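Every number here is computed from the coordinates shown, using simple stated rules; none is lab data. No experiment lies behind these values; they were computed from the predicted model shown. Positions of Cβ are backbone-derived with ideal geometry, glycine not excepted, and every protein chain shown enters the neighbour counts.
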Amino acid sequence: MSRERIIATAAALREAERRRTARGRITAAEWPDLDVETAYAVQRALIEARLADGERRVGIKLGLTSRAKQERMGIDSPLTAVLTDAHILPADVPVPLDRLIQPRAEPEIVFVLGRELAGPGVTAAAALAAVDHVLGGIEIIDSRFLGYDFALPDVVADNASTALLVLGPELVPPLGLDLTLEAVALTVDGEVTATATGAAVQGSPAEALALAANALADRGESIPAGSIVFTGGMTDAVPLTAGTVVSAEFTSLGSIHLSAG
């Protein structure tokens, strides 16, 4: 594993994002034997570059939290990616399509941690006990790979297609919430296109959080207190084009509305 190669790969991904130019898989030709462990090293280099440019780390997101998608990718726990303050989009600001390549939106249940969560051995109950507040959210994903065509190491290196994140208006204590049954209706241009519950996320968003904390521990990392955690898409992501209006209406977590500029 060459540090220079890792940094160069991270720089190429960042350049694709800056230029809004989708590219082919890293694993297709330039690094066919890239493995997941090394891909996380590329991800870290990518985030180090963003932090060096003045961004501030604010949390993590979980990817591939659907069991069906995990089976297709040959994994048994979610991917993790790093969130910075530059990823947060205020709810009243249109999605800036001129900054994105192939954006898609998906509703998520979001946690704010009241204390550090560190594995190994974290259970869903212990993970939920670390949560201070629960929110609804919409994630705008934007793969840097053509047509979202990637292998597992590619998407890990690309920070799990992270682009922008919109937080909902309601801060709800976790006590008394049934996150497995928390429902969302996703509306696109006034038409309901999908519905789901928290059970779509690893059986429970708390279970997804626990698995992510344990996977991070394997890499010598934890989730700091105060972190924002996007727990994974509850429905399939919908494409965003100019003028698209998307709403996510949750049972207990309020509603989020966004438009694509």
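Name the shape class, rounded, prolate or oblate, that the alpha-carbon gyration tensor gives for region 3-259, where a ≥ b ≥ c are the square roots of its eigenvalues, rounded holds for a/c under 1.5, and otherwise prolate holds if a/b is larger than b/c and oblate otherwise. Mind showing how you got there, number by number?
Working: a/c = 1.59, a/b = 1.18, b/c = 1.35.
Judged from the Cα gyration tensor, region 3-259 comes out oblate (a/c at least 1.5, b/c at or above a/b).
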| Where does each of Tyr40, Tyr148 land when they are ranked from fewest to most other beta-carbon atoms within 10 angstrom? | Tyr148, Tyr40
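Using only the Cα atoms of region 29-141, build the gyration tensor, take square roots of its eigenvalues as a ≥ b ≥ c, and label the shape rounded, prolate or oblate: rounded if a/c is under 1.5, else prolate if a/b is larger than b/c, else oblate.
Values: a/c = 1.36, a/b = 1.02, b/c = 1.32.
Rounded.
Looking at region 97-145 from every direction and averaging, what is the projected area of its Cα convex hull in nm²? Kindly include the intermediate steps, with their values, before the conclusion.
Working: hull surface 20.8 nm².
Over every viewing direction, the Cα hull of region 97-145 projects on average to 5.2 nm².
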| request: Taking H placed 1.01 Å from N in the peptide plane, check which residues at least 5 places from Thr84 or on another chain put their amide H under 5 Å from its amide H. | output: Val58
| task | Could I have the simple spin-label model distance between Leu171 and Arg18, label points 7 Å from Cα toward Cβ, reported in nm to one decimal? | result | 3.6
| remark: Going from the fewest other Cβ atoms within 10 Å to the most, one would list Glu17, Glu55 as Glu55, Glu17
| field | region 227-235 - phi-based ³J(HN,Hα) in whole Hz, Karplus 6.51/-1.76/1.60, Gly and Pro as x | value | 5, 8, 10, 7, 8, x, x, 8, 10
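Return the calculated 222 nm mean residue ellipticity for the chain, to the nearest 500 deg cm²/dmol, obtained by summing -39500 (n - 2.57) across DSSP H runs with n ≥ 4 and dividing by the residue count. Before the final figure, lay out the partial values.
Numbers: 6 runs with 67 residues, N = 261.
Using -39500 (n - 2.57) per qualifying helix, the result is -8000 deg cm²/dmol.
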| said: Please list, by residue number, everything in region 27-60 whose backbone N is under 19 Å from a paramagnetic label point 7 Å out along Cα→Cβ of Ser2. | reply: 27-46
| Per-residue HN-Hα couplings for region 77-88, Karplus 6.51 cos²θ - 1.76 cosθ + 1.60 at θ = phi - 60°, whole Hz, x for Gly and Pro? | 8, x, 6, 10, 9, 9, 9, 10, 4, 5, 7, 7
| query | In whole Å, how far is the Cα centre of region 183-224 from that of region 82-130? | reply | 9
| field | Only Lys, Arg (+1) and Asp, Glu (-1) charged, at Cβ; the chain dipole about Cα centre in debye | value | 560
| Förster radius 35 Å - calculated FRET efficiency between Asp92 and Leu181, Cβ distance, rounded to 0.05 | 0.75
